[in-house]
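Here the structure is laid out as structure tokens; the discussion comes afterwards.
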Amino acid sequence: MAVSVQGLGFLESGITEPLNRFSNVLLEFSTHLKNNSEQSTGPFIHNIHSLLAYSQVNRSVLKLRDQKQLDFEELTDYLSQVSLERDRLAARSGLGGGVAPPSGLGLGAYLRDRVEAIRGTVDDDKTRVEKKKKLDQRIKELESEVTAAHDTSDAFSAETLKEQAIFEHAKRAEMKEILGEMVDGQIEMYRQAIKDWDSIIPIMQRIRVDV
């Protein structure tokens, strides 16, 4: 636009000087905008991009934390199933003809045992004892794994929250500083612009064009 105004000044010989000065003010304002972008707006945009990149990384960390919690819950469920199977196996010897199923084992487990008994597929005492030993051993192993998974999940969550708090504190201070610099840059740019325009307005108002 400044070049166009300058070109117009060459065509209008009577107002060449005012138009050239107006063109210079436009160039100055353009320079102010460029400097403000480089010195204040640029760092602010860079900081926003940094926050977006961190958000992507943090999302992956949160997914990993959720997976740790899911591992713990799945192990806990598996432990419950194995414990129930061990209790069911231990209670088989007490399930005689009309005996009701032990509390907590459920009607389904009772009926399954009765069907196996009718079919003649019920484990003998020796096999039952061996299975119970294996289940007891597996329960001990699972209890250790559940405890380890719980500790890992809690530690991972605690560390995630700690790092998040540190990052937020640092970024809060950084963002405050950058926003302050951006606002100061805007104020300085418009202060200088007002000064430049105030100097050119009286000159432009004195232009008289004969019709």
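The values are calculated or read from the model by the stated rules, or taken from the named source; none is laboratory data. Keep in mind it's a predicted model, so treat the numbers as computed, not measured. Glycine also receives a Cβ, built like all others from the backbone with ideal geometry; neighbour counts cover every protein chain displayed. With ligands, DNA and RNA removed, areas are computed over all heavy atoms of the protein, side chains included. Shrake-Rupley method; radii C 1.70, N 1.55, O 1.52, S 1.80 Å.
Brief remarks follow.
- Estimated inter-spin distance, residue 24 and residue 184, nm [label 7 Å along Cα→Cβ]: 3.0 nm
- Of 204, 175, the order by accessible heavy-atom surface (1.4 Å probe, DNA, RNA and ligands excluded), from most exposed downward, is 204, 175.
- Taking other residues whose beta carbon is less than 14 angstrom from the beta carbon of residue 145, and scoring Lys, Arg as +1 and Asp, Glu as -1, yields -4.
- Legend: residues 169, 150, sorted from most to least accessible area (1.4 Å probe; ligands, DNA and RNA excluded), read 169, 150.
- Proximal charge balance of residue 50 [Cβ under 11 Å; K/R count +1, D/E count -1]: 0
- The stretch 46-64 and the stretch 139-198: distance between their alpha carbon centers, rounded to Å: 10 Å
- Estimated inter-spin distance, residue 176 and residue 136, nm [label 7 Å along Cα→Cβ]: 6.3 nm
- Computed from the C-beta positions of residue 160 and residue 53, the FRET efficiency with R₀ = 22 Å rounds to 0.80.
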